[in-house]
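Let me begin by presenting the structure, written as structure tokens, before commenting on it.
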Amino acid sequence: MDFIQNFPFFCIIISLFTGPLSSVLKGKKVKYINTVMIFMMCVLNAFVFAYCIKTGESFVYRMGHFPAPWGNEIRASILEGGMALFFSVIMFFSVIAGRIETAAEVEESKQNLYYAMINLLMCSLIALVYTNDLFTAYVFVEINTISACGLIMIRQRGRNAYAATRYMVMSLLGSGLLLLGLCWLYGITGQLLMSNIKEAVTNLVATGAYNTPLLISICLMVVGLCIKCALFPFHTWLPDAYGYSTLSSAAILSSLVSKGYLFILIKIIYRVFGFDVIVNDKMINVLFMFGIVGMIIGSLDAIRENDIRRMIAYSSIAQIGYIFMGIGLGTTNGMIASIYHILVHAATKSLLFIAASGLTDTSCGKRDFLSLTGSGYRNKLAGFTFTVGSMSMIGFPAFAGFISKLLFAQAGVESAHKMLLTFLALAISTILNAVYFMKTVIRIYTPAKRLHVDETGYTHLTVSSQPSKSIAMAVLIVINFVLGLASDPIVNLIQKGLEMFA
């Protein structure tokens, strides 16, 4: 076994160990450990990704070298290595961008707990990407949930406590359904490793045994993960959770947390039940319809919102709808489009929240659109960054969102019964996206004097006045353009990764 094959395990153990360690340390040591840990995740996952590309094969790491059913497995391929690397990079710059806000908004005595939650969240995301054991996946889903809830309520304001409570209730409902479906499936197959479950499920489908229990298990697990991803109509908790958190929390929650659940859902579809089984059971059609409705409802809610951060949060509901629509197409190209949009959404939503923070910093911390009038002039980098993110979400050519929407349209052509609905949904949602994002862009570039907005107390910020935030915005802009201008090799890697994934 090559030494690099140990790296996924190292990632999980290092990030898991630094969580409790951070909780007992204080001051600069906690920030230093957090920064070093996430940077190590980037490096280790980059090696795994490069190794899988070089070998062209996936590999399995058995903890303790014990085989099933006693051992636990980690599995890595191009898709897992690439996703883990991308998550680590987005996490790194999301945390870096919000360091100043975290110091100001979180009590000094609780900052160690805040970074401990980030470390555990990083651990859970990496574990969800690499694990090949369904029960282990459930354990880290719960760690992910608790860590995310801690990031929401750490500020201890009334609205944060309310948002964290709603988040916890909905997440525990989703986790409960996931666990119930997992137990049901274990009772049928007697297996917990994903590859072993798929083999058992294939035999059950071939013989026609346990068809109804198998369908119930599928429904329970899929619905549970849909709740945790905030798919319509389980989305009402999301705006408060994202809108009232610290900057780093909002960027992490919007760009990464739901993506971990989505990746587990894709694993369940491909490596637990099998893609053909899911398609034949028609569950995929339900995901398609709710995905389309979520695209429209999330956009309509965003149009009505007057708070820039809550508007971005509602936009996330629409973008999650895109991902489920792609999964619901029931084709390989539809899945490729969804995975690509996971990358696009993760990079762009983090970028938008950081840019929105830069705009509110120049407006006395106010987040309503009237107060943000002219803020693009007061913080030019934040204004440009928000414009880039908006263009991407709308789907302008050369931006990341254009490629994902093009991939969705191409995938829709392959499905005769869903093609018209796919095109209509893409057209309507794109128009709605343009309404609320361009409305905001026009607002931030409208001179405040023209609307007689009182600028007393407003400040002008430059790149040098917020160095960490500026670096994060610059890097995320580059990532966005790379996704928009160099999509072919990325799509090819996703396609190869899916072949290895299955």
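If I ask for residues that are modelled with pLDDT under 85 and among the hydroxyl-bearing types (Ser, Thr, Tyr), which ones from the range 83-114 would you list? Reasoning before the result, please.
Just the residues of the range 83-114 that are modelled with pLDDT under 85, to begin with: 97-114.
Within the range 83-114, Thr102, Ser109, Tyr114 qualify.
Checking the conditions here, which among Val279, Val257 is open to solvent by 10 Å² or more (accessible area, probe 1.4 Å) and either at pLDDT 85 or above or hydrophobic (A, V, I, L, M, F, W, C) (or both)?
Working: Val257 fails: open to solvent by 10 Å² or more (accessible area, probe 1.4 Å).
Selected residue: Val279, the only one of Val279, Val257 that is open to solvent by 10 Å² or more (accessible area, probe 1.4 Å) and either at pLDDT 85 or above or hydrophobic (A, V, I, L, M, F, W, C) (or both).
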Checking the structure you have, find out if any residue of the range 303-315 is open to solvent by 10 Å² or more (accessible area, probe 1.4 Å), of a type in the set (S, T, N, Q), over 19 Å from Phe87 (Cβ atoms) and in contact (Cβ under 8 Å) with a residue 40 or more places away in the chain.
yes
Complete set of residues in the range 1-42 that are surrounded by 15 or more Cβ atoms within 10 Å (Cβ to Cβ) and outside any helix (DSSP H, G or I):
Leu25
Between a first residue in the range 483-502 that is farther than 21 Å from Met393 by Cα and without any contact (Cβ under 8 Å) to a residue 40 or more places away in the chain and a second residue that is of a type in the set (Ser, Thr, Tyr) and surrounded by 15 or more Cβ atoms within 10 Å (Cβ to Cβ), which pairs have beta carbons less than 7 Å apart while being 6 or more apart in sequence or on different chains?
none
Verdict on Tyr162 being farther than 24 Å from Ile13 by Cβ, open to solvent by 50 Å² or more (accessible area, probe 1.4 Å) and either out of contact with any strand residue (DSSP E or B) (no Cβ under 6 Å at 6 or more places or on another chain) or aromatic (Phe, Trp, Tyr) (or both):
yes
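Out of Thr430, Thr373, Thr387, report the one residue that is farther than 30 Å from Val491 by Cβ, out of contact with any strand residue (DSSP E or B) (no Cβ under 9 Å at 6 or more places or on another chain) and of a type outside the set (D, E, K, R). Break it down stepwise before answering.
Values: Thr430 fails: farther than 30 Å from Val491 by Cβ; Thr387 fails: farther than 30 Å from Val491 by Cβ.
Selected residue: Thr373, the only one of Thr430, Thr373, Thr387 that is farther than 30 Å from Val491 by Cβ, out of contact with any strand residue (DSSP E or B) (no Cβ under 9 Å at 6 or more places or on another chain) and of a type outside the set (D, E, K, R).
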Out of the residues in the range 34-58 meeting the condition of being modelled with pLDDT under 85 and under 25 Å from the mean Cα position of the chain (by Cα), tell me which one is nearest to Ser124 (Cα to Cα).
Asn34
Search result, residues across the range 184-197 that are under 26 Å from the mean Cα position of the chain (by Cα) and open to solvent by 30 Å² or more (accessible area, probe 1.4 Å):
Leu192, Ser195
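What residue, of Leu180, Leu204, Leu173, is more than 30 Å from Ser245 (Cβ to Cβ), of a type in the set (A, V, I, L, M) and modelled with pLDDT of 80 or more?
Details: Leu180 fails: more than 30 Å from Ser245 (Cβ to Cβ); Leu173 fails: more than 30 Å from Ser245 (Cβ to Cβ).
Just one listed residue meets the conditions, Leu204.
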Pull out all pairs, ordered by first then second residue, where Cβ-Cβ is under 8 Å, the residues are six or more apart or on different chains, the first lies in the range 280-294 and is under 14 Å from Leu231 (Cα atoms), and the second is among the hydrophobic types (A, V, I, L, M, F, W, C) and open to solvent by 60 Å² or more (accessible area, probe 1.4 Å).
Phe288/Leu421; Ile292/Leu421
Can you find a residue that is touching a residue at least 60 places away in the same chain (Cβ under 8 Å), open to solvent by less than 40 Å² (accessible area, probe 1.4 Å) and over 17 Å from the mean Cα position of the chain (by Cα) anywhere in the range 144-156?
yes
Within the range 435-475, the count of residues that are modelled with pLDDT under 90 and touching a Phe, Trp or Tyr at 6+ places or on another chain (Cβ under 6 Å) comes to 2
Return only the number of the condition from (1) modelled with pLDDT under 85; (2) in contact with a strand residue (DSSP E or B) (Cβ under 9 Å, 6 or more places away or on another chain); (3) open to solvent by less than 30 Å² (accessible area, probe 1.4 Å) that Lys267 does not satisfy.
(1)
So the helices (runs of 4 or more DSSP H) completely within the range 370-459 holding 3 or more residues that are out of contact with any helix residue (DSSP H, G or I) (no Cβ under 7 Å at 6 or more places or on another chain), farther than 18 Å from Ala356 by Cβ and open to solvent by 70 Å² or more (accessible area, probe 1.4 Å) are 419-444
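The values are calculated or read from the model by the stated rules, or taken from the named source; none is laboratory data. Values in this document were obtained by computation on a predicted structure and should not be read as measured data. For neighbour counting, all protein chains shown are included, and Cβ atoms are generated from backbone atoms with ideal geometry for every residue, glycine included. These accessible areas exclude ligands, DNA and RNA; they are computed on the full protein's heavy atoms, side chains included. Shrake-Rupley method; radii C 1.70, N 1.55, O 1.52, S 1.80 Å.
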